[in-house]
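In what follows, a single structure is set out as structure tokens and then discussed.
The values are calculated or read from the model by the stated rules, or taken from the named source; none is laboratory data. This structure is a prediction, so every number in the text was calculated from the model and none was measured. Cβ placement follows ideal geometry from the backbone for every residue including glycine, while neighbour counts extend to all protein chains displayed.
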Amino acid sequence: MKKTASKIAAALAAGSLLLIGAAADAKPRLTPEQQLEKTLEGRVAGEPVSCIYLPRVNGTRIYDKTAITYDTGSTIWVNRPDSGAAILDDRDIMLTTPWGSQLCNVDIVRMIDRNGGFWRGTVGLGQFVPYTKVKAPKEG
């Protein structure tokens, strides 16, 4: 009985050390706004536009209750919705039905729950702000 108790005590002590180490290594979670800022580091904002050309988009990302980004390689387009931003959730799926090859600020994005498949609401897009990398000045 004493051997079992000492083994349990040793296991608990080892587990406690692991938890303490993990807590010390844990970094504070960034807010969605901070995540967006990190994504845009080294980029500068351009003039907002009403539409973007969808065939050039090779990735999108939702920032909870904040924005949607559309990545076209050299440019990241940031859309801060005019309405419905409060339902933006990075775990959702966006369903977009543009009229042609462009996505515009008059378009509506439907948010679908990834797990349940049910409709969560709609987001009214705003202007698209392009962020491009800052070019280093040439020396000489």
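List of remarks:
- Flag for Leu95 being part of a strand (DSSP E or B), hydrophobic (A, V, I, L, M, F, W, C) and more than 18 Å from the chain's Cα centre (by Cα): no
- Looking only at residues in the stretch 88-100 that are among the β-branched types (Val, Ile, Thr) and more than 17 Å from Trp77 (Cα to Cα), the one that is surrounded by the fewest Cβ atoms within 10 Å (Cβ to Cβ) is Thr97.
Residue-wise test of (1) modelled with pLDDT under 90; (2) surrounded by 15 or more Cβ atoms within 10 Å (Cβ to Cβ); (3) assigned to a loop (DSSP other than H, G, I, E, B).
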site: Lys7; (1), (2), (3): yes, no, no
site: Ala11; (1), (2), (3): yes, no, no
site: Ser16; (1), (2), (3): yes, no, no
site: Leu19; (1), (2), (3): yes, no, no
site: Pro28; (1), (2), (3): yes, no, yes
site: Gln34; (1), (2), (3): no, no, no
site: Glu47; (1), (2), (3): no, no, yes
site: Ile52; (1), (2), (3): no, yes, no
site: Ala86; (1), (2), (3): no, no, no
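- Restricting the stretch 111-135 to residues that are assigned to a strand (DSSP E or B) and of a type in the set (S, T, N, Q) leaves a set whose member that is nearest to Ala45 (Cα to Cα) is Thr132.
- Residues located in the stretch 100-110, provided they are assigned to a loop (DSSP other than H, G, I, E, B) and not small (Gly, Ala, Ser): Asn105, Val106, Asp107
- Check on Leu103, at pLDDT 95 or above, touching a Ser or Thr at 6+ places or on another chain (Cβ under 8 Å) and buried (at least 17 other Cβ atoms within 10 Å of the Cβ): yes
- Note on the stretch 54-76: residues that are assigned to a strand (DSSP E or B) and either over 13 Å from the mean Cα position of the chain (by Cα) or at pLDDT below 95 (or both) amount to 1.
- Failed criterion for Phe128 (all others in (1) within 17 Å of Arg61 (Cα to Cα); (2) free of Cβ contacts under 8 Å to residues at least 24 places away in the same chain hold): (2)
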